[in-house]
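Data first, discussion second: the structure below is written as structure tokens.
The values are calculated or read from the model by the stated rules, or taken from the named source; none is laboratory data. Just so you know, these numbers come straight off a predicted model, no measurement behind them. Methodologically, a virtual Cβ is constructed for each residue, glycine included, from the backbone with ideal geometry; neighbour enumeration extends over all protein chains shown. For the accessible areas, the whole protein counts, side chains as well, though only heavy atoms, and no ligand, DNA or RNA atoms are used. Shrake-Rupley method; radii C 1.70, N 1.55, O 1.52, S 1.80 Å.
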Amino acid sequence: MDKLKELQAVEQDFFTIEQQLQAIARALPDPMFVIDESGRFLDVIGGREGSAYQRGEFFIGKNLHDALPNLAETFMQTISEALADDSPKTIEYRLDPADITGPSMESPMGDQWFEGRVCPIKDKANEVHSVIWLNINITERKNLEEQVKELSEKDDLTGAFSRRYFFQIFAHEFSIVRRSKAKLSVLLIAIDNFKEIKEKHGQDGCNTVLKRFVLFGEDNFRQSDLFARYDGEKFIVMLPNTPTVGAAITAERIRANTDEMSVTHDKQAIKFTISIGISLVLESDTECTEVLTRADTALNQARENGHNRIEIS
């Protein structure tokens with residue numbers, strides 16, 4: 001009799017644990033799918049928020065190629081790798097409502113990012129023929145990553161590309177140019193007498209000048225050029241497929257147009273000029289910093305020779 005009670009108590013414990021696990025699974029905001037080696041959805045657990053655009057029951061019995069035709073091959077490859085290695089796999093993917101067959105739910109709206117955690121499961125014969133696919137919505141994380149990336153690429157004050165971003169792109173282009181022998185020039189631009197502008201119009205006046213010059217630069221350089229804030233009152237421009245003569249023509253046009261420009265701050269017109277140093281990637285250059293050093297030297301020459309001019313180094 002005591003043994004029977006013990007067995008009943010064990011059964012009750014298992015039943016309680018099973019109910020708790022089922023309740024936890026049903027409460028999961030993101031679904032877990034059981035998918036076999038052929039790509040057929042065998043079961044679904046959780047997904048109460050419909051974060052895959054459909055309630056989980058929609059997928060049961062369907063094949064990946066029928067339910068998710070645009071992603072089926074990628075998903076099947078991940079499943080095959082997990083089964084072959086008998087080890088977990090992770091995949092990130094973007095999902096659009098149009099990617100899923102059948103009528104989609106109203107929420108969430110727009111593209112969503114997901115992380116799929118794929119784990120093989122063994123059957124009663126201790127063989128692996130299916131996987132658990134945990135579908136985690138990572139859209140908020142992806143959006144945050146994009147915001148962080150945007151901040152690292154752009155200057156906070158002016159919205160121009162940042163010095164860090166410029167160096168990343170320029171270093172890459174430099175390596176390409178050294179192999180292809182194409183022409184690549186750099187302009188290093190400085191707003192003249194910036195200290196005097198600050199003394200007369202304050203930091204806000206300086207900021208207005210910087211922002212206006214960025215708008216001017218974005219309108220006056222080519223789409224293929226890279227225009228970035230370098231440091232303080234300095235800006236830098238990468239001119240692909242541009243020899244020294246072409247760079248000088250561009251620099252002179254920018255200088256002359258700036259000379260005719262004025263910025264209004266606190267109902268006062270601020271006139272300013274710029275000096276520009278020009279350098280070209282040479283066959284003898286082994287580091288991209290050599291090009292920038294020459295541009296800086298040329299800029300200093302332009303300033304020493306009276307400002308509002310261009311110099312080539």
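With the structure loaded, tell me whether D192 is of a type outside the set (V, I, T) and at pLDDT 95 or above or whether it fails that test.
So D192 fits the description; yes.
State the number of residues belonging to the range 260-273 that are over 30 Å from K183 (Cβ atoms) and either open to solvent by 60 Å² or more (accessible area, probe 1.4 Å) or small (G, A, S) (or both).
Counting residues in the range 260-273 that are over 30 Å from K183 (Cβ atoms) and either open to solvent by 60 Å² or more (accessible area, probe 1.4 Å) or small (G, A, S) (or both) gives 7.
Conditions first: (1) surrounded by 15 or more Cβ atoms within 10 Å (Cβ to Cβ); (2) of a type in the set (S, T, N, Q); (3) farther than 22 Å from F167 by Cα. N257 passes all but one, so which condition is the exception?
Every condition holds for N257 apart from (1).
Check L28 against each of (1) at pLDDT 75 or above; (2) under 18 Å from C119 (Cα atoms); (3) within 32 Å of the chain's Cα centre (by Cα) and name the one condition it does not meet.
So L28 meets the others, but not (1).
Residues that are loosely packed, with under 13 Cβ neighbours inside 10 Å: find the helices (runs of 4 or more DSSP H) completely inside the range 58-177 holding 3 or more of those.
72-85, 139-153
Among the residues of the range 178-197, which ones are under 20 Å from G277 (Cα atoms), of a type outside the set (A, V, I, L, M, F, W, C) and part of a helix (DSSP H, G or I)?
The one that is under 20 Å from G277 (Cα atoms), of a type outside the set (A, V, I, L, M, F, W, C) and part of a helix (DSSP H, G or I): K195.
Counting only residues that are part of a helix (DSSP H, G or I) and touching a residue at least 12 places away in the same chain (Cβ under 8 Å), how many does the range 260-292 have?
3
For N257, are the conditions met, namely being part of a loop (DSSP other than H, G, I, E, B) and touching a residue at least 24 places away in the same chain (Cβ under 8 Å)?
For N257, the condition - part of a loop (DSSP other than H, G, I, E, B) and touching a residue at least 24 places away in the same chain (Cβ under 8 Å) - is not met.
Output the number of residues of the range 198-246 satisfying the condition of being surrounded by fewer than 15 Cβ atoms within 10 Å (Cβ to Cβ) and in a loop (DSSP other than H, G, I, E, B).
Number satisfying all stated conditions: 6.
Which is more than 21 Å from A256 (Cα to Cα) and of a type in the set (V, I, T), of V209, V177, V186?
Matching residue, one of V209, V177, V186: V177.
Condition first: touching a Phe, Trp or Tyr at 6+ places or on another chain (Cβ under 8 Å) and on the phi > 0 side of the Ramachandran plot. Now tell me which residues in the range 135-162 satisfy that.
Selection gives nothing.
Identify the residue in the range 178-192 that is surrounded by fewer than 17 Cβ atoms within 10 Å (Cβ to Cβ) and not hydrophobic (A, V, I, L, M, F, W, C) and, among all such residues, is farthest from D225 (Cα to Cα).
The qualifying residue farthest from D225 (Cα to Cα) is R179.
Residue-by-condition table, conditions (1) hydrophobic (A, V, I, L, M, F, W, C); (2) more than 30 Å from the chain's Cα centre (by Cα); (3) under 25 Å from G306 (Cβ atoms):
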{"position": "L184", "(1), (2), (3)": "yes, no, no"}
{"position": "A190", "(1), (2), (3)": "yes, no, yes"}
{"position": "F216", "(1), (2), (3)": "yes, no, yes"}
{"position": "Q223", "(1), (2), (3)": "no, no, no"}
